1. Tally time: how many residues in the range 382-420 are closer than 14 Å to Leu557 by Cβ and open to solvent by less than 30 Å² (accessible area, probe 1.4 Å)?
2. For Lys34, indicate whether it is modelled with pLDDT under 95, under 22 Å from Ala487 (Cβ atoms) and in a loop (DSSP other than H, G, I, E, B).
3. Checking Arg936 against (1) open to solvent by less than 10 Å² (accessible area, probe 1.4 Å); (2) within 22 Å of Glu825 (Cβ to Cβ); (3) in contact with a Leu (Cβ under 9 Å, 6 or more places away or on another chain), only one condition comes out false. Which one?
4. Of all residues being among the aliphatic types (A, V, I, L, M) and open to solvent by less than 10 Å² (accessible area, probe 1.4 Å) in the range 256-273, which is farthest from Arg413 (Cα to Cα)? Just the residue, please.
5. Can you tell me which residue in the range 67-105 is most open to solvent (accessible area, probe 1.4 Å), limited to those that are small (Gly, Ala, Ser) and in a loop (DSSP other than H, G, I, E, B)?
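The values are calculated or read from the model by the stated rules, or taken from the named source; none is laboratory data. Keep in mind that this is a model prediction, so the values were computed, not measured. Don't worry about glycine lacking a Cβ; one is built from the backbone with ideal geometry, like all the others, and counts go over all protein chains shown. Calculation scope for accessible area: heavy atoms of the full protein, side chains included, ligands and nucleic acids excluded. Shrake-Rupley method; radii C 1.70, N 1.55, O 1.52, S 1.80 Å.
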Amino acid sequence: MSYDLNKLVTAQDNLLLAEVAAWVHDWQKCIDMKVASDWNNNPNVNKVKIRNWQQRGTTLKPGDFADVLEKLVPNLCVSGNNIKEIAELGRQPSQARSSSNHLIRVLGQSHDVSHVEKELGDHESKDQATDWIASPFGWEPIQPDNLLKRLLGEPKTLLKNFSAIARKKILVSLQSVFAEAWGDTRRPINEVTLWDWSSIVAALYKAELARCVLTTQQRSPSDVAWRLLSIRVDGLQYLLSVSRIPDLLARRELLSDAWNRVQTLIEETYPLGLEVYRDENGPVFVVPDIENLLDESQVAQDGGERKTLRDLIRDAFAAGTVKNDSSLAIRHERVPELYLDDKPWKGQPAPQELPPIVNHLKRDIRETTDPQWLETLWRGQNAEVCTVCGLRPQGPDPKAQERKVCDTCEQRRTDRAQQWVGTLRCGDHPTIWIDDLTDIHGRYALIVGAFDLSGWLAGDLVRTLVVRQPDNKNRTTDKVSKNPSFARLRRIWETTYAFWQQVGSTEPGMLSDAVIGRVVGRAEPRLEIKCSLNVQTLVPYHTYELVLPEGIRLSVLWDGNGFVTCDNLTYLNGLMRSGKIQDILKQGKTFLIEASDDTGKRRQLGNITLSQDAVPIANGSFVPALPLLAEPRVFMALVPADRALEVIRQIKTKYEREMGKVRNRLPLHLGVVFAPRPTPLRAVLDAGRAMLERQTVASVWEVLCCAQKMVSKGDSLPARFQPDQAGQFAEWYEVTLQKDDQRLTWHIPALMGDSQTEDLWYPYVFLDDQVEPTTRKRYFKSRNPWKGCDGWLVHAAELQVGDQVWFAPATFDFEFLDTTTRRFEIHYDTNGRRANRHTRPFYLDDLERFDRLWEVFLRLSTTQRHQVVRMIEATREEWFGQDHGGTSVTDQVFRQFVHDTLAGAEWDWKALSQNIRAQLVAAGTKGELADLLELRMEILKEE
């Protein structure tokens, strides 16, 4: 059976108007006066604030928004109701089921399915109503304000003049308000925002209405079901298979535009459903429950040809381009894989009927290119292959041939450079040149990060969060745990996406305020060089090198009128024996100019003579860093090498503050690839991708100590948590864990954002013991995803010395690419360990320990540090060879040798504390001192 997609085109305006009912069906949650009334039962909410919010009704009229909705009437499914009526009746599922209006019945079912996270009864936990919004991991960073005032602004105006063309603007304006509005004010279900709820309701509602239009069949609410559709490519492989930053950024824009076109096709052109997830590999949509939707949904084209939905999606993806230039489109460089759920799901009961989004994310993605398209490209060609795309013939433009690239890749690169020139005076422009990103030693670093979200998106770990306190009558998941609702799953990936965007935003103009921007700081403005040319014709927006005295080469870009430096001037100034770069670039001076292709081969072009002194570009300071990816699961950014370690520290602190209550179940993996300035970008990106491939390994740790601490009692809170000492860290649990010879300390915030309310819901820990822990009060049973069976969880406050607990530690790895082949040494075994670097990866918690050890190690002279480490490692190799099995680590004779070597160094060994001496010996025995020396002295050049 086939379905005519033109039916959706005909019904487009009415489908998109009906969709509005789902987006705004709970808009009353933005009425400040109503929200304030919820707070009356909570003594921790400021009473003055409550009165102020309640008094806003004198100037703000909710009816003004309702009046707008009343004038919007969709003509769909024989509906005579307006959006206001559909929304009000649809959010009452019991009443909606008996409605004669199908739009209302479907909205009621969509609302009911979406809101399975509202486990609390209407009169339950009213004293927990709060003025804070929580993250899905228990961090409360936001206290919203002026919700109704904002809703009565742009959202009301756009809805009043509703048109299908304005849909995206309407949703953006609604998101700006709903993302800071409560789905429910009561803890602990204050973590799902109104935007999360509305998004899922709209996805389900729209998909079912589209099914009704396509099939002309209306289902009863109990029979309504949905499917997920994913459209995926190997995004990392496509993005990282480049040798220059402009090529990577062009590919990032190509993919983004391609996915946006697919989203427009499915959400607006043929309004089938709604995007509910997107990462580096592509989007996932909720679509109608039609078994062969991709191939049986068709539309007639001019000339009588019929295209399936699969064809239309692939065509939309192929049209993805930069600057809306169709000649630069991605075309068939990559062909996306489409996967539709083979079985429908109903959303309830959870988790049996949950949308299987994790199945879509786990699917292997094949790298595919359309062979017929390739054949067409090469027909009659006798040329070398493009060194950028690896698909098209080089040229035919002579300039592209000189650079050994195809015309398409050359133009994409040129456009990127032209955009960069246009932003130079904006005050917060990004860089797109590796030479800009080096430190004073001529080195740069790629920072990578990854969250393991598999257990969360599968729902298992959501059910380790408590919605009501366990007691002797309620100790099972169905009585105690949060439901892994669709809205909660969405909230999880949106939170990790926001985390990475706050670390290093990929949005224009946002980098200065991000973590990386604050750590790296701003570089001095670039220089502008005006000159006369005595060279072959230069290509605008291409890079060249000026050959300066002492053999120093300065990277510059020709913009058609002059040159702009795109190099680290501080680094080059350090290489010069006399003067600075700007002192050399004076009027009348002549310099040789060279060009190089993508293989690095240089050729001389002639020379230039400066017509005036080089001058700094006004308002041209910039952040010498470049975020490449900031997606829900993965992150990549380029920074100067000497700032990389501090960026890692700041990411770790952010992680501990925002995910500290669940970090035993939400591991973060960080890595840094260091490289000298001449190292090809492709090699560095390959190494970074290899670091992202390590798997989470959760294991059993022993509790050595568990203490509750308070700022008010004078307990010492680590400096990195002090911004929260008047909030969630006013009290905390300090848990020391041990596995083999490794120890780490887990700082768990004990309070919610108001610094008054004890966190009863988030900081739970899996015990390894299958025996019910009846001596504790707060415990319950849920599925342990690492054991594959049910296990007991206890609240962190009830941990006891000697407990065996499951913990998924965060890790940190690094590598220095002294040669490009070094990247092939980055691979991990099934235990997550480096086969040829037995100390790596480290636990992320080791960073503080390494900082303390380095501070002590600095008491030795530079020569002594090298001698001590060299002697230890040479003896290890002499006694144990390559020691892949780590025999030296447990050998007592070798341990004594390490002790004697350290004690015999030129420092007062006995003046060191016994604890520090023991840590130094342990670090030396395991090889960590060698790692520390390599990182701090050989890579970062610290003295």
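1. Within the range 382-420, residues that are closer than 14 Å to Leu557 by Cβ and open to solvent by less than 30 Å² (accessible area, probe 1.4 Å) number 5.
2. No: the conditions fail for Lys34.
3. Failed condition: (1).
4. Only one residue tops the list, namely Leu272.
5. That would be Ser100.
Residues checked against (1) in contact with a Phe, Trp or Tyr (Cβ under 9 Å, 6 or more places away or on another chain); (2) open to solvent by 40 Å² or more (accessible area, probe 1.4 Å); (3) under 23 Å from Asp439 (Cβ atoms); (4) not aromatic (Phe, Trp, Tyr):
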| position | (1), (2), (3), (4) |
| --- | --- |
| Val556 | yes, no, yes, yes |
| Lys586 | no, yes, no, yes |
| Ala595 | yes, no, no, yes |
| Ile608 | yes, no, no, yes |
| Pro627 | yes, no, yes, yes |
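Condition check ((1) free of Cβ contacts under 8 Å to residues at least 60 places away in the same chain; (2) over 30 Å from Pro718 (Cα atoms)) across all residues:
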| position | (1), (2) |
| --- | --- |
| Asp846 | no, no |
| Val856 | no, no |
| Arg859 | yes, no |
| Arg870 | yes, yes |
| Glu877 | yes, yes |
| His884 | yes, yes |
| Leu902 | yes, no |
| Lys910 | yes, no |
| Glu938 | no, no |
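Per-residue answers, yes or no, for (1) charged (D, E, K, R); (2) under 17 Å from the mean Cα position of the chain (by Cα); (3) within 27 Å of Asp829 (Cα to Cα):
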{"residue": "Ile648", "(1), (2), (3)": "no, yes, yes"}
{"residue": "Ala687", "(1), (2), (3)": "no, no, yes"}
{"residue": "Val700", "(1), (2), (3)": "no, no, yes"}
{"residue": "Cys706", "(1), (2), (3)": "no, no, no"}
